[in-house]
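Presented below is the structure to which this report refers.
The values are calculated or read from the model by the stated rules, or taken from the named source; none is laboratory data. From a predicted model like this one, the values you see are computed outputs, not experimental measurements. Positions of Cβ are backbone-derived with ideal geometry, glycine not excepted, and every protein chain shown enters the neighbour counts.
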Amino acid sequence: MEKKWWHESVVYQIYPRSFKDTTGNGVGDLRGIIEKLDYLEELGIDVIWLSPVYRSPMDDNGYDISDYQDIAPEFGTMEDMDELIAEAKGRGIRIIMDLVVNHTSDEHLWFQEARKSKDNPYRDYYIWRDPKDGGLPNDIGSIFSGPAWEYDERTGQYYFHLFSKRQPDLNWENPKVREEIYQMMNFWLEKGIGGFRMDVIDLIGKEVDKKITGNGPRLHPLLQEMNEESFGNYDVLTVGETWGATPEIAKLYSDPERNELSMVFQFEHMTIDWDDEEGKWRPKPLDFKKLKKVLSKWQTELKGEGWNSLFWNNHDLPRIVSRWGNDKEYRVQSAKMLATLLHFMQGTPYIYQGEEIGMTNVKYESIDEYDDIESVNYYYDKIENGYTHDEMMEAIWKNGRDNARTPIQWNDSENAGFTKGEPWLKVNPNYKDVNVNKALEDEGSIFYYYKKLIKLRKENDIIVYGDYKLLLEDNDKIFAYTRSLDREKILVIVNFLEEEAEFNLPEDIDFNEKELLISNYEVAKEESIDNLNLRPYEARVYRLK
Ligand code: NOJ
């Protein structure tokens, strides 16, 4: 595959609402991001994925856009946005925008017009159906609970919404919709952005009458058209949020010959502990061998034919250190172990804000302390159906999206230095212990570990381009693999558990020299690696020659 800058980049996701407030309104803003660019430069990232900052009634915190070419006043102005792009560029950082085009807000002008009458010129921008037998057109459900159809009195038809009823789905079959979207994308590309993260892009090829939502037949032709009409003319990164992707599907999106996207952002490794029926709300214990299998499958099957993202976190997922690490006595070691495991794989790494200091999940007692529309809808929906408050909170503590959305903990002052006002979502009470200032003062911190991981990727082509091989497939504590390029090998060894684990080097790995690249415990340089007694969550990476 032809080498691209985004093969070698590390992306940092910002959820602007929770990043840094400079006005005292309790909500993070663009000027807050500009203020912290030096911090991100210090970390060494190349790209910022900015969750939506467009004008929006914020029913789903900006994933409900009412004007794609304007900035939400609580986040700032278009001048701030231009300044952010320029200031980032000055530090070698590109900004990629969140492209949310499966749906708009119900306050978007197009929808306001569309709902006025059946013959309104914007009517077909959305998906409308007559009632069937006096009720819903069909039984497709909304991802945010309840039916995906909302009855609109004024015209006596239902409109389709896969998310909240304030997020009506756009009709991608309408060429006018597509044209408007491509124009809007070009508006942003002309501003010099570094690309797009495409929200639930796998849904745009839907055929609602056949009850097909994800991976519909029109999906890939639509992406090829989008590529041709907009970003294909620029050297940018495009990453699709692609929930239902298999490696085969991922190649359709990201094989460079097909002119669709740069890479996929798929979740197979993130759903291993979800229940088959109730999904994330009833998680089961992690099947560790399956995790090895899934991550390894993506490493080998995409090789040379597509490109993947590497991530443990985003604004929709719980904090990884609380989920699969240990957010108490081994917080630092386990956060570093998880980072090691991921950052030596092939793909583009994504760091979600706060991950680099080991931020953790939260446990608030009352549902009123939560903001996330998905968690709140789910809570009331289930309580109505006989579930108890305790059961519901247990589920939300584990997998609710607000775990990732609490404000960034900058220091140990009031509200963790995030705001001078009342934060829109309560700050995690552990901010006196876990905060950026503290991390920057401690050379053994998670922050400096991430910094080193990023630097190693920059200095070693083998991490970007080497061949992957899983070792010790059946070991139920250790995740070990090699990357190989020319005569060199990188050996990654991590103990995934809190108990000690014995590592035996497979016999077919021979080398003359070894060099320790990174580790999360002190390691004696001369120690042989034939047999190791790994400490809780221990991680080591060697270069072998
Ligand atoms: C996926 C986004 O990541 C999530 O936060 C949002 O709620 C839905 N798409 C709807 O836009």
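Points to keep in mind about this one:
- Restricted to region 222-258, and to residues there that are under 17 Å from ASN186 (Cβ atoms) and of a type in the set (D, E, K, R), the residue that is surrounded by the fewest Cβ atoms within 10 Å (Cβ to Cβ) is ASP235.
- Within the option set ILE408, ILE396, being surrounded by 22 or more Cβ atoms within 10 Å (Cβ to Cβ), under 23 Å from the mean Cα position of the chain (by Cα) and away from the ligand (no atom under 16 Å from the Cβ) holds for one residue only, ILE408.
- Residue count for region 117-157 under the criterion of being of a type in the set (Gly, Ala, Ser) and more than 16 Å from the ligand (Cβ to nearest atom): the result is 4.
- Every residue from region 182-221 that is surrounded by 15 or more Cβ atoms within 10 Å (Cβ to Cβ) and of a type in the set (S, T, N, Q): ASN186, THR213, ASN215
- Number of the condition not met by PHE160 [criteria: (1) of a type outside the set (A, V, I, L, M); (2) within 16 Å of the ligand (Cβ to nearest atom); (3) closer than 30 Å to MET81 by Cβ]: (3)
- When region 405-421 is filtered for residues that are outside any helix (DSSP H, G or I) and not hydrophobic (A, V, I, L, M, F, W, C), the ones remaining, listed by number, are ARG405, THR406, PRO407, GLN409, ASN411, ASP412, SER413, THR419, LYS420, GLY421.
- Which numbered condition GLN266 fails, given (1) among the polar types (S, T, N, Q); (2) touching a strand residue (DSSP E or B) at 6+ places or on another chain (Cβ under 6 Å); (3) within 16 Å of the ligand (Cβ to nearest atom): (2)
- Candidates ILE478, ILE463, ILE490 - the one that is among the β-branched types (Val, Ile, Thr), under 24 Å from GLU329 (Cβ atoms) and buried (at least 17 other Cβ atoms within 10 Å of the Cβ): ILE478
- Filter pass, ASP402 being within 16 Å of the ligand (Cβ to nearest atom) and in a helix (DSSP H, G or I): yes
- Test: residue in region 49-57 that is among the aliphatic types (A, V, I, L, M) and either farther than 30 Å from TYR125 by Cα or out of contact with any helix residue (DSSP H, G or I) (no Cβ under 8 Å at 6 or more places or on another chain) (or both): no
- Taking region 1-113 and the strands (runs of 3 or more DSSP E) fully enclosed by it, the elements with 3 or more residues that are more than 21 Å from the chain's Cα centre (by Cα) are at 67-71.
- Total residues in region 140-169 satisfying the condition of being among the charged types (D, E, K, R) and either part of a strand (DSSP E or B) or without any contact (Cβ under 8 Å) to a residue 12 or more places away in the chain (or both): the figure is 4.
- Pair list, Cβ under 8 Å, 6 or more apart: region 523-543 residue without any contact (Cβ under 8 Å) to a residue 24 or more places away in the chain, other residue not hydroxyl-bearing (Ser, Thr, Tyr): VAL523/LEU516; VAL523/ARG540; LYS525/LEU516
- Pair list, Cβ < 7 Å and 6+ apart or interchain, from region 319-331 residues that are within 11 Å of ASN430 (Cβ to Cβ) to residues that are part of a loop (DSSP other than H, G, I, E, B) and of a type in the set (Asp, Glu): none
- Taking the criterion of being away from the ligand (no atom under 16 Å from the Cβ) and either modelled with pLDDT under 95 or among the hydrophobic types (A, V, I, L, M, F, W, C) (or both), the residues of region 355-380 that qualify are ILE357, MET359, VAL362, ILE367.
- On inspection, LEU491 does not qualify as of a type outside the set (D, E, K, R), closer than 15 Å to THR340 by Cα and in a loop (DSSP other than H, G, I, E, B).
Okay, residues lined up against (1) under 30 Å from ILE33 (Cβ atoms); (2) of a type in the set (Ser, Thr, Tyr); (3) more than 18 Å from the chain's Cα centre (by Cα):
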| residue | (1), (2), (3) |
| --- | --- |
| LEU295 | no, no, no |
| LYS303 | no, no, yes |
| GLY306 | no, no, yes |
| PHE311 | yes, no, no |
| ARG323 | yes, no, no |
| LEU338 | yes, no, no |
| THR348 | yes, yes, no |
| THR360 | yes, yes, no |
